[in-house]
């Protein structure tokens, strides 16, 4: 273990010759001593050799003890050296001032040898102990982070190796980025750090399905939207790694563009971290110079043409010019050196990593197809399945179902009861449909069922009525059957719609007819009563407006949305900030929870109390979402930083009043959304 060494033990600083001599005589039998008669001279001596401790006269001409101490504390090498003030002033106020300034202790004049030695021995002992503990902690932290980095690299290498066309991509990008940094005359420590960042820049692709990563053609828009999530996933994986400076930035920002048209945030110019701008060039270069199944790698001349075209739009113009010079000088990434981590992990660790990776992929696939709460298919996957059935020549019936007055359950019985209600309804749908049918939660309290190859009107009516009746009975057992029910709209394929979009629209119109005419029943789109009503109501636009308004969030407080919708709203608001110079604040509330006794439910209870506190404390124009199981994020519109802090304090006060539980704290971070000024080579 490396231990910090000092040139001598004690530096005594006093403008009085007599005091210096007395103090030195007392201490020299036990310690190595240097003396200085001014603050300026003390700093000169410390610049040559550092002491273990400084005895500093409080009152001196010129640079007094206060100023000298400030200079010492501002110096990175000296700031941990303990300081004891020397003073003839024995007033309690002076003693308090010494400690407030940051002194470890004070010794009064005239000096009492036994007291002086005792205090100095104690302070040095405490200082040595603290330094030793800090050194041990630093070594342990580096060891833990090194193991973590090795583990992450195993996963990163596994991702790179899954496709022959991208095998070795991260290593090549790291070598190219390092070469650019050396061309910029970075020192070798900075180059090595960038090399590590670049090696891990694509770690977030662990969250992208294999079918998309290995698709033997260009990606469609939906697939590209999934790919665009990998920078955020990479940031989440790397954000707690500190042994590599700014490692998460490389993952998060390497697909941002200089003109602001990149992702995930659309930031531009020098707001993009320099390491990410460099990696962006290296990443694009490797894409251009690697074979793809849909094209051969580009020639050097074509590569240079592409970089010229992207100069100032996709790429930083100055970095582009520098890299073009490198290409003119026949840059060859295969001739660049590489830095490798030790991958000699124990076999148990490798097996564990493979298990984690496999489980992550299974969880990922489930998340892409299923609603997390109910286990039913999500809208996107249900659309795919129903579309395939129709393409294969199947027919069927589409049911659009909506739980009436569902918000009352959340408001009167809590969100846990609301979640249980949704799960109960999902189970009822499963119990009353066949294995070939497609069941989907559209979101919130809306569901959809496609009865495959079933178009018998009476049979469909019986199934629908049974679903509604069984759910009503279940609600009565929960004592909310009188306020909550289910409405359904029904459309047949192909009679009521020859495309999936038309079928959805007509089933939804039938559902809206039920909602507007008493709820708690069902209606076929082909019913005479619906057609007569639709002729009366007239215009489609009016129907659409009422439909949207009927499903709008009726909360009087903050507008609560899912995280994906929150991101879209953030992007929309960000445009307004840029155009109108509005003051908008971002708040992130975080729960601190003691779960040592396994009280897992406590987290959800506390989180629901936090959500309620936010909802009741903020305005209808503000927007909020769950960011994680213990975090809630808020956008405060037209609010300055000071008022944002007041709002946060009000929310926290309200939380403690509502929750009342023990072992739970709430903290917050706040930032102002800063106004920013306004065709990427895909890798």
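Among the residues of the range 255-271, write down those that are assigned to a loop (DSSP other than H, G, I, E, B) and surrounded by fewer than 17 Cβ atoms within 10 Å (Cβ to Cβ). Before you say what the answer is, go through the steps one by one.
Residues of the range 255-271 assigned to a loop (DSSP other than H, G, I, E, B): 255-268.
Result: 261, 266.
Quick test for you: out of 248, 198, 211, 217, pick the one residue that is modelled with pLDDT of 80 or more and over 15 Å from residue 173 (Cβ atoms). First the steps, then the outcome.
Numbers: 198 fails: over 15 Å from residue 173 (Cβ atoms); 211 fails: modelled with pLDDT of 80 or more; 217 fails: modelled with pLDDT of 80 or more.
Among 248, 198, 211, 217, only 248 is modelled with pLDDT of 80 or more and over 15 Å from residue 173 (Cβ atoms).
Identify the residue in the range 477-496 that is part of a loop (DSSP other than H, G, I, E, B) and under 25 Å from residue 408 (Cα atoms) and, among all such residues, is modelled with the highest pLDDT.
If we filter the range 477-496 for residues that are part of a loop (DSSP other than H, G, I, E, B), which is where we start, we get 478-484, 494-496.
Remaining after also requiring under 25 Å from residue 408 (Cα atoms): 478-484.
Details: 478: 59, 479: 56, 480: 58, 481: 55, 482: 64, 483: 70, 484: 80.
Residue satisfying both the conditions and the ranking: 484.
Consider residue 50 carefully, then state whether it is under 44 Å from the mean Cα position of the chain (by Cα), in the same structural domain as residue 22 (by TED's automatic domain parsing) and either surrounded by 17 or more Cβ atoms within 10 Å (Cβ to Cβ) or closer than 14 Å to residue 20 by Cα (or both).
Values: under 44 Å from the mean Cα position of the chain (by Cα): yes; in the same structural domain as residue 22 (by TED's automatic domain parsing): yes; either surrounded by 17 or more Cβ atoms within 10 Å (Cβ to Cβ) or closer than 14 Å to residue 20 by Cα (or both): yes.
The answer is yes for residue 50.
Do you know which residues across the range 272-306 are out of contact with any helix residue (DSSP H, G or I) (no Cβ under 8 Å at 6 or more places or on another chain) and not in a helix (DSSP H, G or I)?
291, 292, 293, 294, 295, 296, 299
Residues that are assigned to a loop (DSSP other than H, G, I, E, B), buried (at least 17 other Cβ atoms within 10 Å of the Cβ) and more than 44 Å from the chain's Cα centre (by Cα): does the range 60-74 have at least one? Reasoning before the result, please.
Just the residues of the range 60-74 that are assigned to a loop (DSSP other than H, G, I, E, B), to begin with: 60-64.
Next, from what is left, pick out any that are buried (at least 17 other Cβ atoms within 10 Å of the Cβ): 60, 63.
After this cut, where a residue has to be more than 44 Å from the chain's Cα centre (by Cα) as well, the list is 60, 63.
Scanning the range 60-74 turns up at least one residue that is assigned to a loop (DSSP other than H, G, I, E, B), buried (at least 17 other Cβ atoms within 10 Å of the Cβ) and more than 44 Å from the chain's Cα centre (by Cα).
For the range 497-524, how many residues meet the condition of being more than 14 Å from residue 402 (Cβ to Cβ), modelled with pLDDT of 90 or more and more than 41 Å from the chain's Cα centre (by Cα)?
Matching residues across the range 497-524 total 1.
Six or more apart or on different chains, Cβ atoms under 9 Å: show the pairs whose first residue is in the range 435-452 and closer than 16 Å to residue 512 by Cα and outside the structural domain of residue 405 (by TED's automatic domain parsing) and whose second is assigned to a strand (DSSP E or B) and at pLDDT 95 or above.
none
The values are calculated or read from the model by the stated rules, or taken from the named source; none is laboratory data. Computed from a predicted structure; not experimentally measured. Here the Cβ is made from the backbone with ideal geometry for all residues, glycine too, and neighbour counts use every protein chain on show.
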